[in-house]
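The values are calculated or read from the model by the stated rules, or taken from the named source; none is laboratory data. Only a predicted model underlies this, so the values are computations on that prediction, with no experimental measurement involved. Here the Cβ positions follow ideal geometry from the backbone for every residue, glycine too, while neighbour counts run over all protein chains shown. Ligands, DNA and RNA are excluded from the accessible area calculation, which covers all protein heavy atoms including side chains. Shrake-Rupley method; radii C 1.70, N 1.55, O 1.52, S 1.80 Å.
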Amino acid sequence: MAYEDILPRLARPSRYLGGEVGSIVKDPAQVELSIALAFPDVYEVGMSHLGFAILYRILNERPWLAAERVYAPWGDLEAELLATGEPLRSLETERPLAQFDILGFTLQYELSYTNLLMMLDRGGVPRRRTERGEHHPLVVVGGPCAYNPEPLADFFDCALIGDGEEALVELCEVVRAARAAGESRAALLERLAAIEGVYVPGLFAVDYQDDGRLAAIRPLRAGYERVRRRFLADLDSAPFPTQPVVPTMNTVHDRVAVEIARGCTRGCRFCQAGYIYRPVRERSPERILEIVEQALAAGGHEEVSLLSLSSGDYACIEPLLKNLMGRFAESRVAVSLPSLRVGSLTPELMEQIQKVRKTGFTLAPEAGSERLRQVINKGISAEDLVETTRIAFGLGWRVIKLYFMIGLPTETPADLDAIIDLATRVKKSGKGTQGGADVNVSVSTFVPKAHTPFQWEAQIGIAETRRRQELLREGLRAKKLRMKWHAAEMSFLEGVFARGDRRLGKVIEAAVDLGCRFDGWNDCFDFARWQQAFADCGLEPSWYLRARDPGEVLPWDHIDCGIPKAFFLRERELALAGAATPDCRAGQCSGCGICDFEELRLRLCDPRNLAELPAPALEAAPAEEQRCRLRLRLAKTGKGRFIGHLEFMSLFHRAVRRAGLPVRHTQGFHPHPRISFSEALPHGMESEAEIIDLDLAQLCGAQDALSALNACLPDGFRVREAALLDWRGVAPSASIESTVYRFALPAGASADVEARIAAFLAAPEVPAQRLKKGRSVAVDLRPGVVDAWVEDGWLLLDLRQGSPLPVVAYLLERDETQVRELPACKIGVRLRPAPDGP
């Protein structure tokens with residue numbers, strides 16, 4: 001196992017284990033090409049990213065290609081890799097990154113750039129593309145930040161601009177063919193440049209004026225002046241994963257995610273995604289239902305998230321939701337729409353959303369005043385927003401989140417006051433509803449992005465951001481409203497890289513050398529190091545936040561998103577005039593130039609031709625409940641021992657759902673399955689005797705349940721025994737009389753261990769000191785110990801209660817940290833007699 005000696009010392013070792021249900025492991029000797037899909041953030045963030053999951057499945061469908069995953073190592077693992085000389089490895093085959101043919105990084109956020117370089121360093125891959133030889137992996141980037149990839153241009157070999165489902169497969173095919181032909185790295189890059197959507201930075205040169213602005217972006221290859229974005233014309237026919245990788249730890253978004261549409265036609269002028277993902281392509285409701293049904297069965301999740309830039313705009317959203325509720329309400333599956341828009345919310349739609357479980361209710365007015373919403377083309381009125389929140393509070397939601405931006409073009413003090421006023425009106429709209437009403441206000445700083453009408457605008461600096469944040473904080477506090485905000489320094493840095501050029505590469509490199517990592521995390525972000533990096537490189541970061549002249553060469557001008565600059569300039573003029581651009585979904589074409597009206601066009605479902613989709617026939621419910629208790633003895637070994645107790649509980653709940661066992665649930669607002677676990681194991685300890693009880697509504701065969709669960713559990717977990725008991729029996733924690741643990745005696749262990757054991761067992765009390773919440777407290781180790789003995793090089797301990805670690809530490813005259821690193825196993829439990837089964 002990779003990192004076996006390191007994992008016990010890590011805070012969250014489950015990030016690095018792999019072996020999940022749904023993961024795909026191929027024999028490296030049986031494939032022609034390998035690609036490591038690299039996410040420059042931790043496992044629990046990357047596993048929540050849908051695009052990553054889509055590409056993983058599509059690539060692995062090719063028998064000649066192995067796609068594996070790697071995530072950014074947290075600081076504790078990185079320190080261990082540096083100390084031990086171990087390389088960063090993939091999850092599937094534990095292969096070092098340097099041994100892959102391709103490394104594919106997704107760029108979702110500008111503040112993840114330092115992690116990309118850190119992962120290259122830890123993987124043994126040279127940072128700069130000019131330093132890589134014929135044997136090094138090809139480094140590819142993609143994602144929304146690739147629409148201005150210039151700050152990273154020195155570090156990647158090529159970028160994939162646009163939709164990746166087809167283009168990344170083509171890229172892999174070209175690499176395969178070039179390798180088979182024995183071509184050089186330079187010849188391979190020439191080949192790749194011929195693929196639509198592939199940008200090779202080495203085939204462009206950048207010239208600068210004396211004042212620092214760009215003079216020209218020069219192509220070094222004839223016919224390669226601009227790189228046009230790659231488009232996926234038909235979303236409905238595109239592959240989509242229905243056998244998801246089921247994480248072994250709790251992730252940021254622990255749910256089945258289904259992309260119901262790609263693109264948006266609303267035309268919010270600040271929103272990069274609204275332009276770079278055009279045109280709107282909707283997936284058919286029939287296909288969505290098929291995906292949801294298969295993914296829930298394979299994943300065992302309790303929530304389905306319908307994803308798009310504006311889920312409420314999906315043409316068939318109401319019949320789709322009604323059908324989802326009809327199919328899955330009895331299974332207690334909640335449905336969430338993370339991106340809701342006031343104009344698309346109807347009372348009927350909101351009633352459907354809240355039927356199973358009231359997931360979060362979030363709305364994004366973006367600006368407080370009608371005037372500023374006109375500037376940004378956010379076509380909603382305050383009256384519509386307040387009416388929507390009134391209905392939501394009336395339907396039972398207790399908390400509504402409102403998202404606003406500060407620093408938008410033309411913003412005035414009156415616009416800030418309008419944020420406070422609008423949030424107050426929303427809170428008042430819930431007055432008198434049962435349970436009260438609360439409003440959380442979240443405020444971010446506007447960051448101008450490439451390929452938007454506001455790409456020329458200035459961004460407010462750190463001091464001005466703080467001043468406006470404080471005005472809002474004080475005003476909202478006076479109205480008893482809570483506010484969250486984005487750190488001014490983070491927004492500043494995001495703005496620098498969002499519109500930066502190639503000169504910033506040396507700054508990123510210097511920041512990495514100074515220790516910058518995970519810059520999007522508040523507790524990791526160190527602005528002082530960034531300031532030092534800019535100073536060391538002789539660059540003034542605030543220069544990148546300035547307003548740009550419409551005629552200025554922009555760093556991303558050679559990247560063609562499909563929308564001409566003339567359209568963005570026209571939209572900018574309309575914004576400054578306070579004029580709206582209608583949504584082309586139902587109105588006149590806005591002339592953005594994205595569609596060819598044949599292959600590339602709006603693809604919308606027609607609700608007029610869609611009858612309510614029939615729900616599948618349900619099995620008749622049994623006449624009466626036949627309640628029983630299923631008791632399991634489960635082994636937690638190998639990689640499984642590094643999965644924490646709460647993570648283990650979550651993965652077991654999902655396995656039970658996948659196995660289809662009829663578990664009873666608690667009552668109330670958030671019903672939970674009635675599953676009882678024994679006490680948590682010490683971190684990193686194996687077990688052959690985890691006792692778990694399931695409260696079942698119906699009788700089932702114990703061996704059938706054992707087989708079904710083992711088919712659904714990840715590596716490191718196996719049910720050894722199963723038995724049916726009377727449902728009135730006590731929970732595992734109450735039925736266990738004592739627990740037997742086994743610890744390997746370390747080399748050089750004291751020769752008088754057996755004498756110490758005898759003295760320990762003979763003593764009426766054994767005082768010791770333990771650290772609890774940072775404080776040393778006096779404890780008596782003797783009462784919980786039934787017996788202890790040495791056998792064949794093992795120390796065995798029979799405990800009635802408590803942790804074995806302090807007892808073993810005392811007997812071996814070591815501290816608990818050293819004891820945690822010893823091979824150890826919970827080998828058995830002694831149970832009190834249980835009532836006979838039904």
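Confirm whether residue 378 is in a loop (DSSP other than H, G, I, E, B) and open to solvent by less than 30 Å² (accessible area, probe 1.4 Å).
yes
Kindly list, by first and then second residue, each pair from a residue in the stretch 274-303 that is in contact (Cβ under 8 Å) with a residue 12 or more places away in the chain to a residue that is assigned to a helix (DSSP H, G or I), limited to pairs with Cβ atoms under 6 Å and residues at least 6 apart or on different chains.
That search, which allows pairs on different chains as well, returns 276/147; 285/320; 300/654; 300/657; 300/658.
Select the helices (runs of 4 or more DSSP H) contained entirely in the stretch 499-605, then report the ones holding at least 2 residues which are touching a residue at least 40 places away in the same chain (Cβ under 8 Å), open to solvent by 20 Å² or more (accessible area, probe 1.4 Å) and under 23 Å from residue 379 (Cα atoms).
565-576
So which of 321, 306 is crowded, with 20+ Cβ neighbours inside 10 Å and free of Cβ contacts under 8 Å to residues at least 40 places away in the same chain?
321
Being farther than 20 Å from residue 55 by Cα, of a type in the set (A, V, I, L, M, F, W, C) and touching a Ser or Thr at 6+ places or on another chain (Cβ under 9 Å) is true for just one of 291, 317. Which residue is that?
Testing whether each residue is farther than 20 Å from residue 55 by Cα, of a type in the set (A, V, I, L, M, F, W, C) and touching a Ser or Thr at 6+ places or on another chain (Cβ under 9 Å) leaves just 317.
Checking the structure you have, find out if any residue of the stretch 641-658 is assigned to a loop (DSSP other than H, G, I, E, B) and over 30 Å from residue 10 (Cβ atoms).
Checking the stretch 641-658: not a single residue is assigned to a loop (DSSP other than H, G, I, E, B) and over 30 Å from residue 10 (Cβ atoms).
If we scan the stretch 294-302, do we find a residue that is closer than 25 Å to residue 166 by Cβ, open to solvent by less than 40 Å² (accessible area, probe 1.4 Å) and either outside any helix (DSSP H, G or I) or not hydroxyl-bearing (Ser, Thr, Tyr) (or both)?
yes
From the list 785, 777, which residue is over 41 Å from the mean Cα position of the chain (by Cα), of a type in the set (A, V, I, L, M) and farther than 30 Å from residue 639 by Cβ?
Every option except 785 fails the conditions.
From the set of residues in the stretch 692-727 that are aliphatic (A, V, I, L, M), assigned to a loop (DSSP other than H, G, I, E, B) and under 28 Å from residue 13 (Cα atoms), which is most open to solvent (accessible area, probe 1.4 Å)?
The extreme case among them is 711.
Would you be able to say whether some residue in the stretch 142-152 is surrounded by fewer than 18 Cβ atoms within 10 Å (Cβ to Cβ) and touching a helix residue (DSSP H, G or I) at 6+ places or on another chain (Cβ under 8 Å)?
No, the stretch 142-152 contains no residue that is surrounded by fewer than 18 Cβ atoms within 10 Å (Cβ to Cβ) and touching a helix residue (DSSP H, G or I) at 6+ places or on another chain (Cβ under 8 Å).
Kindly indicate the residue of the stretch 309-326 that is over 27 Å from the mean Cα position of the chain (by Cα) and assigned to a helix (DSSP H, G or I) and also modelled with the lowest pLDDT among those meeting that condition.
326
Check 809, 723, 734, 768 and return the single one that is aliphatic (A, V, I, L, M), out of contact with any helix residue (DSSP H, G or I) (no Cβ under 7 Å at 6 or more places or on another chain) and more than 30 Å from residue 23 (Cα to Cα).
So the residue among 809, 723, 734, 768 that is aliphatic (A, V, I, L, M), out of contact with any helix residue (DSSP H, G or I) (no Cβ under 7 Å at 6 or more places or on another chain) and more than 30 Å from residue 23 (Cα to Cα) is 734.
Mind checking which residues of the stretch 661-670 are assigned to a loop (DSSP other than H, G, I, E, B) and either out of contact with any helix residue (DSSP H, G or I) (no Cβ under 7 Å at 6 or more places or on another chain) or at pLDDT below 85 (or both)?
662, 664, 666, 667, 668, 669, 670
Checking residue 471 against (1) buried (at least 17 other Cβ atoms within 10 Å of the Cβ); (2) closer than 30 Å to residue 399 by Cα: exactly one of these is not met. Which one?
So the condition that residue 471 fails would be (1).
Take the residues of the stretch 281-293 that are in contact with an Asp or Glu (Cβ under 7 Å, 6 or more places away or on another chain) and not in a loop (DSSP other than H, G, I, E, B): which is surrounded by the fewest Cβ atoms within 10 Å (Cβ to Cβ)?
287
Restricting the search to the stretch 728-762, which residues are surrounded by fewer than 19 Cβ atoms within 10 Å (Cβ to Cβ) and of a type in the set (D, E, K, R)?
728, 737, 752, 754, 756
Given the criterion of a type outside the set (Phe, Trp, Tyr) and within 28 Å of the chain's Cα centre (by Cα), identify the matching residue among 682, 662.
So the residue among 682, 662 that is of a type outside the set (Phe, Trp, Tyr) and within 28 Å of the chain's Cα centre (by Cα) is 682.
Kindly indicate whether any position in the stretch 119-126 is modelled with pLDDT of 95 or more, surrounded by fewer than 18 Cβ atoms within 10 Å (Cβ to Cβ) and more than 25 Å from the chain's Cα centre (by Cα).
Yes; the residues of the stretch 119-126 include at least one that is modelled with pLDDT of 95 or more, surrounded by fewer than 18 Cβ atoms within 10 Å (Cβ to Cβ) and more than 25 Å from the chain's Cα centre (by Cα).
Anything in the stretch 103-118 that is open to solvent by less than 10 Å² (accessible area, probe 1.4 Å), of a type outside the set (A, V, I, L, M) and part of a helix (DSSP H, G or I)? List them, or say none.
Residues satisfying the conditions are 113, 114, 115.
Being open to solvent by 20 Å² or more (accessible area, probe 1.4 Å), among the hydrophobic types (A, V, I, L, M, F, W, C) and modelled with pLDDT under 95 narrows it down to one residue among 238, 257, 273; which is it?
Step by step, each of 238, 257, 273 is checked, and only 257 is open to solvent by 20 Å² or more (accessible area, probe 1.4 Å), among the hydrophobic types (A, V, I, L, M, F, W, C) and modelled with pLDDT under 95.
Mind counting the residues in the stretch 1-40 that are among the acidic types (Asp, Glu) and modelled with pLDDT under 90?
2
Name the residues in the stretch 172-205 that are open to solvent by 60 Å² or more (accessible area, probe 1.4 Å), on the phi < 0 side of the Ramachandran plot and assigned to a loop (DSSP other than H, G, I, E, B), would you?
Of everything in the stretch 172-205, those that are open to solvent by 60 Å² or more (accessible area, probe 1.4 Å), on the phi < 0 side of the Ramachandran plot and assigned to a loop (DSSP other than H, G, I, E, B) turn out to be 183, 194, 196.
Against the condition within 24 Å of residue 568 (Cα to Cα), open to solvent by less than 30 Å² (accessible area, probe 1.4 Å), outside any helix (DSSP H, G or I) and not hydrophobic (A, V, I, L, M, F, W, C), how does residue 278 come out, does it pass?
Taking the combined requirement at face value, the residue satisfies it.
Which of the numbered conditions does residue 232 fail, given that it passes all the others? Conditions: (1) within 30 Å of residue 408 (Cβ to Cβ); (2) within 24 Å of the chain's Cα centre (by Cα); (3) at pLDDT 95 or above.
Going through (1) within 30 Å of residue 408 (Cβ to Cβ); (2) within 24 Å of the chain's Cα centre (by Cα); (3) at pLDDT 95 or above one by one, residue 232 breaks only (1).
When you check residue 832 against the structure, is it of a type in the set (Lys, Arg) and open to solvent by less than 80 Å² (accessible area, probe 1.4 Å), yes or no?
Here the answer is no, as residue 832 does not meet what is asked.
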